[in-house]
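Please read the structure below before turning to the comments.
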Amino acid sequence: QVQLVESGGGLVQPGGSLRLSCAASGSIFSINDMGWYRQAPGKQRELVAEITSGGSTNYADSVKGRFTISRDNAKNTVYLQMNSLKPEDTADYYCNVIVVVTTNLLTTDYWGQGTQVTVSS
């Protein structure tokens, strides 16, 4: 019904930047919250940042001041600008989108396939 396509991950040196994108398509009536989570090897998935339909944002303490989440409602896309990257930011990053689907107007939770971010010299 709804597909999420992530892009933008890769290998970057400490102090570098990356921008992740996640585009939603399919049976979308509207999108509520959009967010990014990450999961490092051997650790639980954790919230990185989230943004409401009204543009309010919330960040994990570990990324405040370095990461910025934004969304383009016309494109059904959420972005994560990551600056001053640290080795501890290395993880698989997943987008999460709360969608009201057109088929039944129910709110459904969708996840992207994940994109790997590696911060290493």
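The values are calculated or read from the model by the stated rules, or taken from the named source; none is laboratory data. On a predicted model such as this, the values are computed, not experimentally measured, just so you know. Neighbour counts are summed over all protein chains in view; Cβ atoms, including those assigned to glycine, are modelled from backbone coordinates with ideal geometry. Surface areas here come from the heavy atoms of the whole protein model, side chains and all, with no ligands, DNA or RNA. Shrake-Rupley method; radii C 1.70, N 1.55, O 1.52, S 1.80 Å.
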From most to least accessible, 1.4 Å probe, no ligand or DNA/RNA atoms counted, L47, L106 line up as L106, L47
Along the stretch 16-22, Karplus-curve 3J(HN,Hα) (6.51, -1.76, 1.60; θ = phi - 60°) to the nearest Hz, with x for Gly and Pro, reads x, 10, 9, 10, 9, 10, 9
In the stretch 37-81 the accessible area split gives carbon plus sulfur, as whole percent at 1.4 Å, a share of 43 percent
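Give the relative contact order (percent, whole number) for the stretch 9-63; include only Cα pairs under 8 Å separated by 6+ residues.
After rounding, I find 22 percent.
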Scoring the stretch 1-102 by relative contact order with C-alpha pairs under 8 Å, at least six apart, yields a percentage of 37 percent
Expected vector for the stretch 106-121, Karplus 3J(HN,Hα) from phi with 6.51, -1.76, 1.60 and θ = phi - 60°, integer Hz, x for Gly and Pro, equals 8, 8, 10, 9, 10, 10, x, 7, x, 9, 8, 10, 10, 10, 7, 8
Measuring from its Cα centre, the chain shows a charge dipole (+1 at each Lys and Arg Cβ, -1 at each Asp and Glu Cβ) which, in debye to the nearest 20, is 200 debye
For K43, counting only lysines whose alpha-carbon sits under 28 Å away and dropping same-chain residues fewer than eight positions off, the answer is K64, K86
Rounded to the nearest 10 Å², the accessible area of I51 using a 1.4 Å probe with every protein chain kept is 10 Å²
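With a 1.4 Å probe and all protein chains left in place, how much accessible area per residue does the stretch 15-58 have, in Å²? All intermediate terms of the calculation are to be shown ahead of the outcome.
Numbers: 2270 Å² over 44 residues.
The answer is 52 Å² per residue.
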